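**Q** My questions all concern the structure below.
The values are calculated or read from the model by the stated rules, or taken from the named source; none is laboratory data. Here the structure is a predicted model, which means the values were calculated and not measured. Neighbour counts run over all protein chains shown; Cβ positions are idealised from the backbone, glycine included. The protein model used for the area step is the full one, side chains on, heavy atoms only, and it has no ligands, DNA or RNA in it. Shrake-Rupley method; radii C 1.70, N 1.55, O 1.52, S 1.80 Å.
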Amino acid sequence: MASTVTNKTQKPISIPLPRGKVLHLGPKKSGQISSHDVDHPAVKALVETGAIEIVGEGRSSSPGQTGDG
């Protein structure tokens, strides 16, 4: 399954993913990543800073939430 990633910033953002892939999102735009990629340290760091929000598969991760949904 896939999870939806939303760029919460006013700037374009590059999200490093496992296996050398990168997701590029424009300001306030969304894209999809594998549910396994959600646990990648770089993705978690962006969630913690509030730069991105992840929703999908019963999971909602934003600053202040654990994402264990």
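**Q** Restricting to region 47-60, name every residue that is assigned to a helix (DSSP H, G or I) and open to solvent by less than 40 Å² (accessible area, probe 1.4 Å). Spell out the reasoning first.
**A** Keep residues of region 47-60 that are assigned to a helix (DSSP H, G or I), which gives 47-49.
The answer is Val47, and nothing else.
**Q** Let me spell it out: the conditions are (1) among the acidic types (Asp, Glu); (2) surrounded by 14 or more Cβ atoms within 10 Å (Cβ to Cβ); (3) modelled with pLDDT under 95, and Asp68 meets all of them except one. Which number is the exception?
**A** (2) is the only condition that Asp68 fails.
**Q** Sticking with this structure for a sec: Give the residues of region 1-23 that are free of Cβ contacts under 8 Å to residues at least 24 places away in the same chain and over 11 Å from the mean Cα position of the chain (by Cα), sorted by residue number.
**A** Step one: of region 1-23, the residues free of Cβ contacts under 8 Å to residues at least 24 places away in the same chain are 10-12, 14, 18-23.
Scanning region 1-23 gives Gln10, Lys11, Pro12, Pro18, Arg19, Gly20, Lys21, Val22.
**Q** Identify all residues within region 12-21 that are of a type outside the set (Lys, Arg) and either within 15 Å of Val55 (Cα to Cα) or open to solvent by 80 Å² or more (accessible area, probe 1.4 Å) (or both); write none if there are none. Explain how you work it out, then say what you get.
**A** The first filter runs over region 12-21 and keeps only residues of a type outside the set (Lys, Arg), leaving 12-18, 20.
The one that is of a type outside the set (Lys, Arg) and either within 15 Å of Val55 (Cα to Cα) or open to solvent by 80 Å² or more (accessible area, probe 1.4 Å) (or both): Pro12.
**Q** Determine if region 37-53 includes at least one residue that is more than 10 Å from the chain's Cα centre (by Cα), farther than 9 Å from Val5 by Cβ and at pLDDT below 95.
**A** No, the conditions are met nowhere in region 37-53.
Conditions tested, residue by residue: (1) more than 12 Å from Val55 (Cα to Cα); (2) outside any strand (DSSP E or B); (3) open to solvent by less than 60 Å² (accessible area, probe 1.4 Å); (4) in contact with a Ser or Thr (Cβ under 6 Å, 6 or more places away or on another chain).
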| residue | (1), (2), (3), (4) |
| --- | --- |
| Gln10 | yes, yes, no, no |
| Leu23 | yes, no, yes, no |
| Pro27 | yes, yes, yes, no |
| Gln32 | no, no, no, yes |
| Ala45 | yes, yes, yes, no |
